[in-house]
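Asker: This is the structure I have questions about; it appears just below.
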Amino acid sequence: MSIGVFDSGVGGLTVHRMLVERMPAADFVYLADQANAPYGGRPGEEIVALTRSGCETLFAAGANLIVLACNTASAIALRTLQQTWLPDLRKTLGRPVNILGIIVPTIEAATGVPWSQQHAAAVPPAARRETVGIFSTPATTASEVYEIEMGKRRPDLGVTSEPCPSLARLIENGAGAVELATVVENHVMALRTRIGRAPDRAILGCTHYEIVADMFRAALPPGTPLIHQPGATADAICVYLERHPEYPAGTDGTRRFLTTGTPGKQSPLVEAFWGAPLSFEAA
Ligand code: DGL
């Protein structure tokens, strides 16, 4: 049995890397749905269908717990799959399987409030002294998941999202540094305009963006804290696995990297982030 990690493409590697750091002995199988990336501009029903198909591949490859290392899939598909697909699938497979997302741990880290704690009293916008900026795909932005769920837990925080329609695709395609930095700078500028000043903290709410986190750091005012989604997710998954021994994570330290796209080497941009050559097998 192994831990499955799913993303539309290479963004989920940022989460995979932190999971491996926390659980070096566990067995992992990663699936990048590169044939269908990016997800962020697709309609919701397509995101649900593609995420389900990716999870089927990972369960068939021996995963028992899947981490959706993708904000778009976590925001749009996770609840539907948990409620309408997993109960029957467990009966069919005859073993415990589950799918977890990355937005819950990120919001817990950003708010300092456990997910189960909600319904804090409303605070009028003018009284909100701190603003968290979210950079995300158009689908995640449109879902307003960060605004809604952070608002339920920390109504004293302002939350403003900036959709970045081309950025995941550029990162997926291994675009050059100058082009990427320009796009990142433009989005940081646009978010500042939207808020009326710089955000006090920021979330890279698309796992692809973590690959260019240094460009966001350079474009934001120096020292702006970035909430580290991969680290927050890895911490939460470790706690979950300790509490759920029905999902054994394996002990052989195996790593498989699958793609629905073209198998083989990943781009120099991804390999620079990864720090080693990285080759994907056909899913
Ligand atoms: N990496 C993904 C996310 O976190 C998806 C990007 C995309 O496919 O548009 O949202």
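Each value in this text was obtained by applying a stated rule to the coordinates, not by laboratory testing. Not measured: the values here are computed from a predicted model. Heads up, the Cβs are rebuilt from the backbone with ideal geometry, glycines too, and the neighbour counts pull from every protein chain shown.
Asker: Over the chain, what relative contact order in percent results from Cα pairs under 8 Å that are six or more residues apart?
Answerer: Relative contact order of the chain: 27 percent.
Asker: Can you give the relative contact order of region 115-194 as a percent, counting alpha carbon pairs under 8 Å and 6+ residues apart?
Answerer: Once divided by the residue count of region 115-194, the mean separation gives 33 percent.
Asker: Per residue, what volume in Å³ does the Cα convex hull of region 61-152 take up?
Answerer: About 124 Å³ per residue, rounded to a whole number.
Asker: Work out how much length Leu89 to His119 would gain on full extension: take 0.36 nm times their residue separation and subtract the Cα-Cα distance, in nm to one decimal.
Answerer: 7.5 nm
Asker: What are the principal axis extents of the Cα atoms in region 29-81, in Å, biggest first?
Answerer: The Cα atoms of region 29-81 stretch 30, 24, 16 Å along their principal axes.
Asker: Report the extension gain between Ala276 and Arg201 in nm, rounded to one decimal, defined as 0.36 nm multiplied by the number of residues separating them, less their alpha carbon distance.
Answerer: 23.9 nm
Asker: Taking N as the number of residues in region 1-156, what is its Cα Rg relative to 2.2 N^0.38 Å?
Answerer: Ratio of Rg to 2.2 N^0.38 Å for region 1-156: 1.11.
Asker: Which of Thr224, Ser267, Val123 sits farthest toward the positive end of the charge dipole of the chain, with +1 on the Cβ of Lys and Arg and -1 on the Cβ of Asp and Glu?
Answerer: Val123
Asker: Treating the beta-carbon of each Lys and Arg as +1 and of each Asp and Glu as -1, no other charges, what is the dipole magnitude of the chain about its Cα centre, to the nearest 20 debye?
Answerer: Rounded to the nearest 20 debye, it is 420 debye.
Asker: What is the ratio of the Cα radius of gyration of the chain to 2.2 N^0.38 Å, where N is its residue count, to two decimals?
Answerer: After normalising by residue count via 2.2 N^0.38 Å, the value is 0.97.
Asker: Quick one: if the Förster radius is 30 Å, what FRET efficiency do Thr262 and Asp214 give, using the C-beta to C-beta distance and rounding to 0.05?
Answerer: With R0 = 30 Å, the Cβ-Cβ based efficiency is 0.65.
Asker: Let me ask something additional. In region 117-142, whose amide N lies under 19 Å from the spot 7 Å out along Cα-to-Cβ of Thr80? List them in ranges.
Answerer: 137-142
Asker: Can you tell me the equivalent ellipsoid semi-axes for region 158-220? Use √(5λ) from the Cα gyration tensor, largest first, whole Å.
Answerer: 20, 11, 10
Asker: Counting each pair of different Cα atoms once, what's the Kirkwood radius of region 203-283 in Å, rounded to one decimal?
Answerer: 15.6
Asker: Suppose we keep just the alpha-carbon trace of region 101-217; what are its Rg and Dmax in angstrom?
Answerer: Here Rg and the maximum Cα pair distance are 14.5, 46 Å.
Asker: Listed highest first by mean packing, meaning other Cβ atoms within 10 Å per residue, what order do 165-177, 31-43, 68-80 come in?
Answerer: Top of the packing list down: 68-80, 31-43, 165-177.
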